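Values in this text are rule-based calculations from the coordinates and carry no lab data. Since the structure is predicted, the reported quantities are computational estimates derived from the model, not experimental observations. Neighbour counts run over all protein chains shown; Cβ positions are idealised from the backbone, glycine included.
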Number of protein chains: 2
Amino acid sequence: MSEIRQDRATKRWVVLATERAKRPHDAVKRSEAAPEPEYSPDCPFCPGNEDKTPAEVLALRSPGSEPNGPGWQVRVFANRFAALRPEGEVRVENPEWFTSITGVGIHDVIVEHPHHNETPATMTLGEMLLVFEVLSQRFAQLAGDRRLAYLALFRNQGVTAGSSLHHPHAQLIGTPIVPTHVRQELTTAREFYDDAVCCVYCATMQHELADGRRVVLDNDHYCAFTPYASRWPFETWIVPKHHEPVVVFDDRFDTESFARTLQSVLRMLYLGAGNPDYNLVLHQAPLRDSCEDYYHWHMEIVPRLSTPAGFEFGTGIWINTVMPEEAAPYLRSFAGQ
Amino acid sequence: MSEIRQDRATKRWVVLATERAKRPHDAVKRSEAAPEPEYSPDCPFCPGNEDKTPAEVLALRSPGSEPNGPGWQVRVFANRFAALRPEGEVRVENPEWFTSITGVGIHDVIVEHPHHNETPATMTLGEMLLVFEVLSQRFAQLAGDRRLAYLALFRNQGVTAGSSLHHPHAQLIGTPIVPTHVRQELTTAREFYDDAVCCVYCATMQHELADGRRVVLDNDHYCAFTPYASRWPFETWIVPKHHEPVVVFDDRFDTESFARTLQSVLRMLYLGAGNPDYNLVLHQAPLRDSCEDYYHWHMEIVPRLSTPAGFEFGTGIWINTVMPEEAAPYLRSFAGQ
């Protein structure tokens, strides 16, 4: 019989559909795409094609190299088809009924590596640290912009995950509003805190560690697990052990430890789940609402191994065919490879 | 500049991304699939293959035809890979932390037509009315089942919309819980009602009709519009003019008028948006929470012409590249064809 499970941190319901149950191995859809070359002349993100992108706002470069030319390790510029633009003031229009806000914000592309065919799962730790170095600088640049209410950092890997370009890149969208889902997470977390005087993410992590069956990885600073109410096959969360509402790039974050953890998880998915298309999203508190006691930043990685349809979009209930208790040991079996 | 719009009924934010803006015509992705035959010997939903499905729970049949054989016009049976099953009692397990509920419920497939290559957009009105006749009977059968809290009726049309079988069919999932999204809609609608003493869907419809730019269709009983904060290109809602929290198949529903309206909208999408893959979802009040004053049933149709990715799943904010003010007149230009 299927099981209907609730995620305590979001109140989200999920159907674990045992009638359709798949062994983790059977849920894997290995990509049939041909391997990509290290350099692709038509790729606007490849070195030498810098004139095909908007001007860079930040880059890590080799000494002597010029902005908007080759010689970079990590490069940041505005998305050519930016959803939001940094010019102008945030203005709320509410003529009687139809509320709208000017589309002011930022929409960055962070090209993570010069090589067209690299992925975070296969980069060296040193290369991954460069990405975090750039993110740290970019977050600091944006911290003073009072027009921004939220910074959403995410990666779309692969076509089914919504990515149109293969070259490894993350995106950062800064919005002038607190997003709907974030507000819901904050509300649920605050209500939990007001009842339990405890952060719901700290409590979730403690229960996952105590149970152990869904733990993918556990070290001094971070814990990764396939959540009890996983929506997607192999959905994995990385939660910091130190309670912190937002990512602060200092000793508490411990960049090297986080980069190692993220890379280990991505490598297990790469090897175990067949290099799946995935979305990776950083969840953190809004910029000017510190939520210190009750919110807890974390990262959610959702491989796109199923297709959300009418039931999911209409009800918010997801149907998942892989039990997280089976996904975690399967992923763990690829640890250290 | 982009515009960030809020849907009043759900508080959902959407970015109307004018930088990526597409004319409605450019957002259309015409299916490249080969036409399907009227009968497909391998299709478990085709007449003559009834033994490939679970036993029917309801059917409209020609006089003299036998259950679970050919001769039906509309046929209902449990999904072979049902997410929920009707056996047993609803039992809540909450050992300290991890809440779960037994997967009791129903998961029906409603095969809408004997022909493999038919779609609701191209059926006759008489054929469409038979589908509603069956739905009316099925809803009545289920009304007495105290284990069910909610009935979610939906259609997934096409592979990108999550459908694995081409033969025209709808699905009905009855859950023992009120789904997360439904609860959020009810909460927002109740809060609006408590402030404005008015249903937020009635108010939305009145504002859409007064504005007129996004109205796709308007008759005595129903109104269809591309909502102000549309998440998807050509997203269309059908809202009944008579305030009613749930679908009741009586004179207030006016089956013929609804079937005509739905068919007109689906035909405009079929012709204008290139027979797109889509999800169609009925939104209504829970079975035992009548919400009479403040909730209002309606149908949402979302063509899958874009791919939700990390930003959408992480923040709940959707990026849409087609302005609903342009989608509606484009769809209207296909009216009556």
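Could you give the length gained on full extension between B:Glu38 and B:Ala143, defined as 0.36 nm per residue of separation minus the Cα-Cα distance, in nm?
Details: separation 105, 0.36 × 105 = 37.80 nm, distance 3.49 nm.
Gain in length upon complete extension: 34.3 nm.
Model label points for B:Leu129 and A:Ala335, set 7 angstrom from Cα along the Cα-to-Cβ axis, are 6.5 nm apart. Specify whether the C-alpha gyration tensor of the range A:86-129 places it in the rounded, prolate or oblate class, a ≥ b ≥ c being the square roots of the eigenvalues: rounded for a/c under 1.5, otherwise prolate if a/b is larger than b/c and oblate if not. Verdict is prolate for the range A:86-129.
Evaluate the relative contact order of chain B (contact order divided by residue number), counting alpha-carbon pairs under 8 angstrom at least 6 apart; express in whole percent. Working shown, then result.
Values: 683 pairs, mean separation 74.8, N = 337.
RCO, chain B: 22 percent.
Listed by chain and number, the lysines placed with their C-alpha closer than 24 angstrom to that of B:Lys241 are B:Lys11; residues fewer than eight positions away on the same chain are left out.
Cβ-to-Cβ counts within 10 Å put A:Glu36, A:Glu66, B:Glu112, B:Glu32 in ascending order as B:Glu32, A:Glu66, A:Glu36, B:Glu112, the fewest first. Over all pairs of different C-alpha atoms in chain B, the reciprocal of the mean inverse distance, the Kirkwood hydrodynamic radius, equals 21.1 Å. Taking the Cα centre of each part, how many Å lie between the range A:291-329 and the range B:249-277? Value for the Cα centre distance between the two parts: 33 Å.
In a reduced charge model with +1 at each Lys and Arg Cβ and -1 at each Asp and Glu Cβ, the range B:164-213 shows a dipole moment near 220 debye about its Cα centre. Across the options A:Pro95, A:Gln73, A:Met128, the greatest Cα extent toward the positive end of the charge dipole of the range A:33-175 (unit charges at beta carbon of Lys, Arg, Asp, Glu) belongs to A:Pro95.
The mean sequence separation of alpha-carbon pairs under 8 Å and at least six residues apart, normalised by the residue count of the range A:4-111, gives a relative contact order of 17 percent.
Take the alpha-carbon positions of the protein assembly as shown, form their convex hull, and give its projected area averaged over all directions (one quarter of the hull surface) in nm².
Working: hull surface 118.3 nm².
Across all orientations, the protein assembly as shown yields a mean hull projection of 29.6 nm².
Among A:Trp232, B:Trp297, A:Trp237, which comes first, then next, by fewest other beta-carbon atoms within 10 Å?
The most exposed by this proxy come first: B:Trp297, A:Trp237, A:Trp232.
Model label sites at B:Arg61 and B:Arg23, defined 7 Å from Cα along the beta-carbon direction, differ in position by 5.3 nm.
As an exercise, identify the chymotrypsin sites (Phe, Trp or Tyr not before Pro) in the range A:86-160 lying in DSSP coil whose Cβ has no more than 14 other Cβ atoms within 10 Å. Display every interim value, and only then the final one.
Values: sites: A:Trp97, A:Phe98, A:Phe132, A:Phe139, A:Tyr150, A:Phe154; in loops: A:Trp97, A:Phe98.
Passing both the DSSP loop test and the Cβ count: A:Trp97.
If you keep only loop residues by DSSP, which trypsin sites (Lys or Arg not before Pro) in the range A:110-151 have at most 14 other Cβ atoms within 10 Å of their Cβ?
Details: sites: A:Arg138, A:Arg146, A:Arg147; in loops: A:Arg146, A:Arg147.
Filter output for the range A:110-151: A:Arg146.
Checking the cross-link filter: which lysines have an alpha carbon closer than 22 Å to that of A:Lys22, excluding same-chain neighbours under 8 positions apart? Candidates past the 8-residue exclusion: B:Lys52.
Using a simple charge model, +1 on the beta-carbon of Lys and Arg, -1 on the beta-carbon of Asp and Glu, nothing else, what dipole does the range B:1-113 show about its Cα centre, in debye to the nearest 20?
Working: 15 positive and 18 negative charges, 149 e Å.
It works out to roughly 720 debye.
Within the range A:279-295, find all residues whose amide N lies under 20 Å from a label point positioned 7 Å from the Cα of A:Val197 along Cα-to-beta-carbon. Only A:291-295 fall inside the zone, counting backbone N under 20 Å.
Any idea what the relative contact order of the range A:80-207 is, in percent, if you count C-alpha pairs under 8 Å spaced at least 6 apart? Once divided by the residue count of the range A:80-207, the mean separation gives 26 percent. With Cα atoms defining each centre, the range A:81-112 and the range B:134-210 are spaced 31 Å apart in the structure. Looking at the range A:5-46, the trypsin sites (Lys or Arg not before Pro) that sit in a DSSP loop and have at most 14 other Cβ atoms within 10 Å of their own Cβ are A:Arg30. Rounded, prolate or oblate: pick one for the range A:210-337, where a ≥ b ≥ c are the square roots of the eigenvalues of its C-alpha gyration tensor, a/c under 1.5 means rounded, and failing that, prolate if a/b is larger than b/c, else oblate. It is oblate, given that a/c is not under 1.5 and a/b is not larger than b/c. Placing pseudo-labels 7 Å out from each Cα toward the beta carbon at B:Phe249 and A:Arg30 gives an inter-label distance of 4.9 nm.
Ellipticity at 222 nm from helices only: DSSP H runs of n ≥ 4 in chain A, each -39500 (n - 2.57), divided by the residue count, give -8000 deg cm²/dmol.
Where in chain B are the helices, taken as whole DSSP H runs, whose Cα atoms extend 30 angstrom or more along the long axis and whose Kyte-Doolittle mean reaches at least 1.6? Write out the running numbers ahead of the final one.
Values: long enough: none.
Passing helices, by number: none.
Between A:Leu125, A:Leu282, A:Leu135, the Gaussian network model of chain A with springs among Cα atoms under 10 angstrom shows the greatest mean-square fluctuation at A:Leu125. Each of A:Val248, A:Val281, B:Val197, B:Val322 has some number of other Cβ atoms within 10 Å of its Cβ, and from fewest to most they run B:Val197, A:Val248, A:Val281, B:Val322.
Largest GNM mean-square fluctuation among B:Asp26, B:Asp218, B:Asp293, using chain B with Cα springs under 10 Å: B:Asp26. Which of B:Val178, A:Pro245, A:Asn279 sits farthest toward the positive end of the charge dipole of the protein assembly as shown, with +1 on the Cβ of Lys and Arg and -1 on the Cβ of Asp and Glu? Towards the positive end, the residue furthest out is A:Asn279.
Based on a Kirkwood Rh over C-alpha pairs, give the Stokes-Einstein translational diffusion coefficient of the range A:54-136 at 37 °C and viscosity 0.692 mPa s in µm²/s. Present the calculation step by step, with values, prior to reporting the outcome.
Details: Rh = 15.0 Å.
In µm²/s, the coefficient rounds to 219.
Note on chain B: with a GNM built from Cα contacts shorter than 10 Å, the maximum mean-square fluctuation among B:Pro286, B:Pro303, B:Pro41 falls on B:Pro41.
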